[in-house]
Structures are given as structure tokens and as C-alpha cells.
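What follows draws every value from the coordinates through simple rules; no lab data is involved. Quantities reported herein were computed from a predicted structural model and do not represent experimental measurements. Using ideal geometry, Cβ is built from the backbone for each residue, glycine included, and neighbour counts are taken over all protein chains shown.
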């Protein structure tokens with residue numbers, strides 16, 4: 001079941017032109033590329049590159065679909081933590097943005113597929129839920145700077161990017 005949902009979200013992310021949303025008066029703000037860094041504690045976190053596409057835009061609500069490639073990392077180097085796996089992941093999610101002009105409350109829900117090295121995969125599932133909430137600033141014209149801070153399943157994070 002999780003695999004089917006992931007594949008559906010992934011296809012929708014890779015082919016956003018097949019999705020039809022409400023036409024916007026400002027067609028220049030449909031896409032966002034951003035980099036994110038998050039941490040789930042002292043020993044691990046995630047660095048990712050994200051692509052986002054606007055699907056629906058109404059008065060104080062926007063819905064986006066997002067695809068992410070990320071890499072989990074470890075900063076703690078004590079011998080007892082050397083066996084922790086570092087792995088790549090792909091995420092597909094849907095973002096709901098609530099707000100006006102440049103400030104938004106953001107809710108992000110989706111699924112993450114992680115490629116875990118075989119020697120670490122015993123007991124580790126490849127699919128993980130994604131749930132984040134946060135604050136997002138986006139240039140009121142829809143183009144330019146996108147900044148967000150969030151907390152969720154990968155810890156506390158920050159993103160900086162460009163809308164075009």
C-alpha cells in the first residue's frame with residue numbers, strides 16, 4: 001500500500017505539467033528550487049535539494065507538490081556510533097500553505113523512500129512518513145527568495161531557495 005502511494009506521488013512530482021490547477025494571475029511563481037538542512041539530534045540529520053511546483057492557489061491557501069533528493073549524514077564520530085548507516089532518500093510530498101502576501105504557515109505531508117545499504121537493512125523499512133510544520137517567507141511578487149524554517153520527522157530544519 002505504501003509503495004503504491006509513493007509511486008503515485010512520485011509520478012505526480014516528476015510530471016507536474018499533467019496536473020491541472022487553478023490559473024494564477026501571476027504565472028511566474030509556479031516553481032521553487034531550494035536547499036534544506038535539518039537535524040534530528042546531535043548525531044544525524046539530512047541535507048536535501050528540493051523542487052516544488054504550485055498546483056492550486058486560492059485566496060489565503062496554496063497547495064504545492066514537492067520532490068526531494070536527500071542524504072542523511074552523521075556528525076558524531078565516537079566509535080560506538082560508527083556503525084550507524086548513512087543513506088540516500090527520495091521524498092514526495094504535498095504542501096499546504098496558509099497565509100497572505102509573503103508569510104505563510106506550512107504543513108507538509110508525504111512519504112520518503114530511502115536506499116539503505118544492505119548490511120544495515122535488517123529491520124529497517126525503506127518507506128518513512130514525512131510530516132513537517134513551519135513558517136515560510138516567499139517574496140510577495142512570487143519570484144525570488146524563499147525561506148522556511150520547519151520542525152518534523154527529520155527534526156528542526158531550514159530551507160533557502162528561489163521561486164521562478
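Tabulated results
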read-out	value
Theoretical FRET efficiency, 1/(1+(r/R0)^6), r = Cβ-Cβ of residue 69 and residue 153, R0 22 Å, to 0.05	0.85
By average C-beta atoms within 10 angstrom, highest first, the peptides 48-57, 96-105	48-57, 96-105
